[in-house]
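The values are calculated or read from the model by the stated rules, or taken from the named source; none is laboratory data. Not measured: the values here are computed from a predicted model. Virtual Cβ from ideal backbone geometry, glycine too; neighbours counted across all protein chains shown. Quick note on the areas: whole protein, heavy atoms, side chains included, nothing else; ligands and nucleic acids left out. Shrake-Rupley method; radii C 1.70, N 1.55, O 1.52, S 1.80 Å.
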Amino acid sequence: MQRKTGVLIFTHGSRLKEGNEIMVKLVDQVRQQLGYDLIEPCFMELGKPPIPVAIRKLIRGGATHIFGYAFFLVPGSHLQEDIPFIFEQTLKKFPGVTYEISPPMMSDPMMIEFVAKHVKSALAGSNKDGLS
């Protein structure tokens, strides 16, 4: 059987509806850029759809492997304990479906460049205003 990967891009979720809507739009843009339909947004809590619902949707779409992209900056108990537990409990009902979860975003060296770029921009703006 050939592996077909479904992608979950997940985050904690926010009490603010606007925060969750931004995440859904980001995932729509990633799906469009990659030209790959089996990509779903989801939330650990405080947003919809929750992770189990999105996993089931990907499996209904033919996914046999779930790649969970953790939209989390740093490792913590959610990423190290809670999320794997949610995946394992959900996938018990789907024998043969495998999964993996990405490391947090801070493990990518590009994050240093990203943060430095924004700090540099802020510092350049401060200098223009005569602030030090």
Which numbered condition trips up E81, out of (1) modelled with pLDDT of 95 or more; (2) over 15 Å from the mean Cα position of the chain (by Cα)?
(1)
So which residues in region 44-58 are at pLDDT 95 or above and in contact with a Gly (Cβ under 7 Å, 6 or more places away or on another chain), if there are any at all?
L58
Quick check on region 76-120: of everything there that is among the polar types (S, T, N, Q) and out of contact with any Ser or Thr (no Cβ under 8 Å at 6 or more places or on another chain), which residue is surrounded by the most Cβ atoms within 10 Å (Cβ to Cβ)?
T90
So in region 8-20, with the set limited to residues that are open to solvent by less than 40 Å² (accessible area, probe 1.4 Å) and assigned to a loop (DSSP other than H, G, I, E, B), which one is nearest to F85 (Cα to Cα)?
G13
Would you mention how many residues in region 21-75 are in a helix (DSSP H, G or I), touching a residue at least 12 places away in the same chain (Cβ under 8 Å), farther than 24 Å from M110 by Cα and open to solvent by less than 70 Å² (accessible area, probe 1.4 Å)?
6
